[in-house]
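A.B. asks: I have a structure I would like to understand better, so I am pasting it below and will then ask my questions one at a time.
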Amino acid sequence: MDFESTQAHPDFSLEYLWGSARGQMLGVMSYEDAAGKRGWAKAFSGQYNGHWEIPGWVPPVLDPESFWDISAPVDAQIKAVSRVLRNEGSEEDCVLTKKLVGWPLTTERKTELAAYRKRLSQELMHDIQDLYVLRNFRGEESLLRDVFLAKGIPTGAGDCCAPKLLQYAAKHKLRPLGLCEFYWGRENRSGSRQHGHFYAACKEKCQPLLGFMLCGLGDD
């Protein structure tokens, strides 16, 4: 994936896409800048092997540093609670559990702990979703929740290739000329994605976003 770099990083090997993680969607966009010069940009969906950014690829819609600042401490707590519920908790995990719901861990306290974990996950998801500030070609900005309105926000919304590429174009005043997305690697578990096949932007996650992000593209 980092073929443009002088030294390859082991995390960016394409072998990752053929292992247990399976394949991934990749996208390419051709564009024209303000001077009329043509170029192209590329994106990968979500994270690649735990990385938000790879040299030569467009960045994610959210700010990676803010993502890690928000998610790391909460994710650590969620994992600690999960270990205790599986009876695999360390001494430190058990001390945390005692502070949260008390000890010993009775059936009732397990139920309280599971509810606490669920609440933590939901709050973290909301905080992460607020990091996605979408921009369109009129220079307008919108949060994910404002684009989806009353509908629930699907997991992974804003992480697909098309939103990443259009966000990059809008921020850098580039005019997209064409965009395609294709799947690379081992077939996904549902069988809906096959290696080397091209796919349209997904209706559930991308259609609402693209409706906003493409605004202004056809304006004179």
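The values are calculated or read from the model by the stated rules, or taken from the named source; none is laboratory data. Every value quoted in this text rests on a predicted model; they were computed, and no experiment measured them. Every residue, glycine as well, gets a Cβ built from its backbone with ideal geometry; the counts of neighbours run over all protein chains shown. Surface areas here come from the heavy atoms of the whole protein model, side chains and all, with no ligands, DNA or RNA. Shrake-Rupley method; radii C 1.70, N 1.55, O 1.52, S 1.80 Å.
A.B. asks: Leaving out ligands, DNA and RNA, what percent of the accessible area of region 18-174 is carbon and sulfur, probe 1.4 Å?
C.D. replies: Numbers: 4370 of 8590 Å².
Summing carbon and sulfur atoms, their accessible area is 51 percent of the total for region 18-174.
A.B. asks: Starting from the Cα of E32, step 7 Å toward the Cβ, then list every residue of region 125-157 with an amide N under 20 Å from that point.
C.D. replies: Within reach of a label on E32, which here means backbone N under 20 Å from a point 7 Å along Cα→Cβ, region 125-157 contributes 137-139.
A.B. asks: Just check region 1-74 against the gyration tensor rule for me: Cα atoms, a ≥ b ≥ c as the square roots of the eigenvalues, rounded for a/c under 1.5, and otherwise prolate or oblate depending on whether a/b exceeds b/c.
C.D. replies: Working: a/c = 2.03, a/b = 1.34, b/c = 1.52.
Oblate.
A.B. asks: Let me ask something else about it. Measure nothing fancy, just the Cα-based angle from helix 107-129's long axis to the longest principal axis of the chain, in degrees from 0 to 90, nearest 10.
C.D. replies: Between helix and principal axis, roughly 20 degrees.
A.B. asks: Cα to Cα, under 15 Å, and not fewer than 8 places away if on the same chain: which aspartates and glutamates meet these conditions relative to K110?
C.D. replies: E88, D93
A.B. asks: Okay, moving on. How big is the gap, in Å, between the Cα center of region 178-200 and the Cα center of region 13-70?
C.D. replies: Each part reduced to its Cα centre gives a spacing of 15 Å.
A.B. asks: Now for a separate question. Report, in listed order, any pair from K37/K151; K171/K203; K118/K205; K42/K118; K37/K205; K118/K203 with a Cα-Cα distance greater than 30 Å. If you can, show how the numbers build up before the last one.
C.D. replies: Working: K37/K151 40 Å; K171/K203 24 Å; K118/K205 23 Å; K42/K118 36 Å; K37/K205 32 Å; K118/K203 28 Å.
Beyond 30 Å: K37/K151; K42/K118; K37/K205.
A.B. asks: Restricting attention to region 161-220, which GluC sites (Glu not before Pro) occupy a DSSP loop and are surrounded by at most 16 other Cβ atoms within 10 Å? Mind showing how you got there, number by number?
C.D. replies: Working: sites: E181, E187, E204; in loops: E187, E204.
Sparse-neighbourhood loop GluC sites (Glu not before Pro): E187, E204.
A.B. asks: Identify the trypsin sites (Lys or Arg not before Pro) of region 1-53 meeting these criteria: DSSP loop state and at most 12 other C-beta atoms within 10 Å of the C-beta.
C.D. replies: Details: sites: R22, K37, R38, K42; in loops: R22, K37.
Passing both the DSSP loop test and the Cβ count: K37.
A.B. asks: Additional query: Under a crude label model (7 Å from the Cα following the beta-carbon direction), how far is D63 from A76 in nanometres?
C.D. replies: The answer from the label model is 2.1 nm.
A.B. asks: With each label point set 7 Å from Cα along the Cα-Cβ vector, what nm distance links S190 and E15?
C.D. replies: 3.0
A.B. asks: How about region 117-171: which trypsin sites (Lys or Arg not before Pro) there are in a DSSP loop, with at most 16 other Cβ atoms within 10 Å of their Cβ?
C.D. replies: Details: sites: R117, K118, R119, R135, R138, R145, K151, K164, K171; in loops: R138, K151.
Taking region 117-171 and a limit of 16 other Cβ atoms within 10 Å, the loop trypsin sites (Lys or Arg not before Pro) found are R138, K151.
A.B. asks: Same structure, new question: For a bin width of 5 Å, list the pair-distance distribution of region 14-161 built from all Cα-Cα distances, rounded to whole %.
C.D. replies: 2, 7, 13, 14, 15, 14, 12, 9, 6, 3, 2, 1, 1, 0
A.B. asks: To test your reading of the geometry: what angle, between 0 and 90 degrees and rounded to tens, separates the Cα axis of helix 64-85 from the longest principal axis of the chain?
C.D. replies: Taking the Cα atoms of the chain, the angle to 64-85 is about 30 degrees.
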